[in-house]
Amino acid sequence: MNGRTSGARAAALSALVSLGLLLGCLPPAAADTPDKPLPVGSIVKNPSTDRREVVVADLQHTAVLIGDSQSSGRESWPQVALRNLGYSVKFMGAGGTGFVASNQRDRVPNYYDSLTSNRWILPHGDPALVVIGGGGNDAALGASDGDILGSANALILDLQRTYPSSRLVMVGTLSRSAGDGGGRRNQVDALLGDLAEKRGIPFVSAGDWLTTYGLEAFLADKVHLNAGGHRRAAVVLEEDLRALRLSAANVIAARTPPTAVLTPLA
């Protein structure tokens, strides 16, 4: 008799729990608890791309910077500008690489191949900003317009799939102006600008900076700036990105709906 009574009570309790689940009446402790944040440095898989990514601290202030030797190093002009705008910079790329160009000496593929082969371990989640820069090595390689555009376009599409909520901006190829011997570097800058416009992506042209801002006097070699040149170019890039409202404060504010102000009751 006691066994039958206990069974009946258990059945009744089970029925009440099931009803509570259906009606949403159970207390929060009975509902599924959200997953705990993963420790910084954890490697996870992005289900959209099936690629490995790494958990980083303060993702909402993170800028992913894709570039070549112009961008590598903490004191490079793109990294200095981004830090001044409030970002923590995660650099992806290498000297000698570009949209088409690869670094044969160090066996580093071009941007798109580095991304899709998972050579780059990107930050997990949607960082605030993704910056694509470069093109100088493609100019030196003599890559055709079609090859540059095809690879750059594929890179953009894959990054937009990887980071659907992140802002994207392109920075062109540091060069002299067309009338000052800019040559193919200046042409590649213009080519990337046209692609960015077609894709609806903000673009910062650097195709005449050496001439316009007197940076020719700060070249360490034919194409790279010395320390003083990096500092001066960083100021120009910071101003241009700020004008596009791409500082960390602007991007975060645009992504986060403003908190409603409640009117006190009379």
Accessible surface of region 42-123 [probe 1.4 Å, protein heavy atoms]: carbon and sulfur percent
45 percent
Tell me the net charge near residue 113. Cut-off is 15 Å between Cβ atoms, residue 113 excluded, with +1 for each Lys or Arg and -1 for each Asp or Glu.
-2
With every protein chain left in place, what is the accessible area per residue of region 162-209 in square angstrom, probe 1.4 Å?
40 Å²
Around residue 91, which amide H atoms from residues at least 5 apart in sequence, or from another chain, sit under 5 Å from its own amide H, with H modelled in the peptide plane?
65
Extension gain residue 199-residue 40, at 0.36 nm per residue separation less the Cα-Cα distance, in nm?
53.9 nm
Which distance in Å, rounded to a whole number, links the C-alpha centroids of region 192-240 and region 104-141?
19 Å
Value of Rg/Rh across region 54-93 [Cα atoms, Kirkwood radius]:
0.95
Accessible area of residue 252 in the full protein assembly, 1.4 Å probe (Å², nearest 10):
30 Å²
Expected unfolding gain across residue 104-residue 74 under the 0.36 nm per residue rule, minus the alpha-carbon gap, is 8.4 nm
Sort 149-159, 219-229, 201-211 by the packing proxy (mean of other Cβ within 10 Å over each peptide's residues), most packed first.
201-211, 149-159, 219-229
If you plug each phi of region 134-151 into the Karplus form 6.51 cos²θ - 1.76 cosθ + 1.60 with θ = phi - 60°, what whole-Hz ³J(HN,Hα) values come out, in order, with x for Gly and Pro?
x, x, x, 6, 5, 5, 5, 6, x, 4, 6, 4, x, 5, 5, 5, x, 6
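The values are calculated or read from the model by the stated rules, or taken from the named source; none is laboratory data. Being a predicted model, the structure only gives us computed values, none of them experimental. All Cβ positions, even for glycine, are placed from backbone atoms using ideal geometry, and neighbour counts span all protein chains on display. Surface accessibility is based on the protein's heavy atoms, side chains included, excluding ligands, DNA and RNA. Shrake-Rupley method; radii C 1.70, N 1.55, O 1.52, S 1.80 Å.
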